[in-house]
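Structure first, commentary second.
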Amino acid sequence: MLHDLMTPEKNVQRIMWTGTAWFIGAAGTVAITFGLLLASGWRPSILPPFLGVVFWVGAVLLALSIGLLGWSGCPILEVSVPVADRNKTRTMQIGTFLYIIAGVICFFAILMGPAH
């Protein structure tokens, strides 16, 4: 039997709240980080070709992760609460995983590239 905190209704409510918080945090940290990088004069074009590909793969995954986190926090319940519970749980988990991995990929490419 599920604990009361893990019922689909409670889980969907929690994910909509935490998904919104993760979305705001992820979008904000990406905007600040890349805004500061770009303001300093850094551009992806200074990266060697291989690192450029690595960077852009990371950037696409980062954008995907923010989209998944945004969907998790969206108050749309799709078909039913059990379906929303399953889907929002998956998008929250995958979005969080991709956010962490994509950040590592992007910064690996940036740090391995030349100093400007």
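The values are calculated or read from the model by the stated rules, or taken from the named source; none is laboratory data. Just so we're clear, the structure is a prediction, and the values are computed from it rather than from any experiment. Note that we place each Cβ from the backbone using ideal geometry, even for glycine, and neighbour counts take in every protein chain shown. These area figures cover heavy atoms from the full protein model, side chains too; ligands, DNA and RNA do not enter into them. Shrake-Rupley method; radii C 1.70, N 1.55, O 1.52, S 1.80 Å.
Roll a 1.4 angstrom probe over the protein heavy atoms and tell me the percent of accessible area of region 1-69 that is carbon or sulfur.
Heavy-atom surface of region 1-69 belonging to carbon and sulfur, 1.4 Å probe: 78 percent.
Within region 77-105, name every residue whose backbone N is under 11 Å away from a label modeled 7 Å from Cα of Val57 along the Cβ vector.
Under cut-off, by backbone N: 105.
Take the chain, drop everything but the C-alpha atoms, weight them equally and run the Debye formula without solvent; then report log10 I(q)/I(0) at 0.17, 0.19 Å⁻¹ to two decimals.
Cα-only, vacuum Debye calculation for the chain: -0.80, -0.91.
Run the numbers on the chain and let me know its relative contact order in percent, using alpha-carbon pairs under 8 Å that are six or more apart.
40 percent
List, in order, the whole-Hz ³J(HN,Hα) value for each residue of region 46-53 obtained from phi through the Karplus relation with A = 6.51, B = -1.76, C = 1.60 and θ = phi - 60°; use x for Gly and Pro.
For region 46-53, the Karplus-derived couplings read 7, 6, x, x, 4, 5, x, 5 Hz, x marking Gly and Pro.
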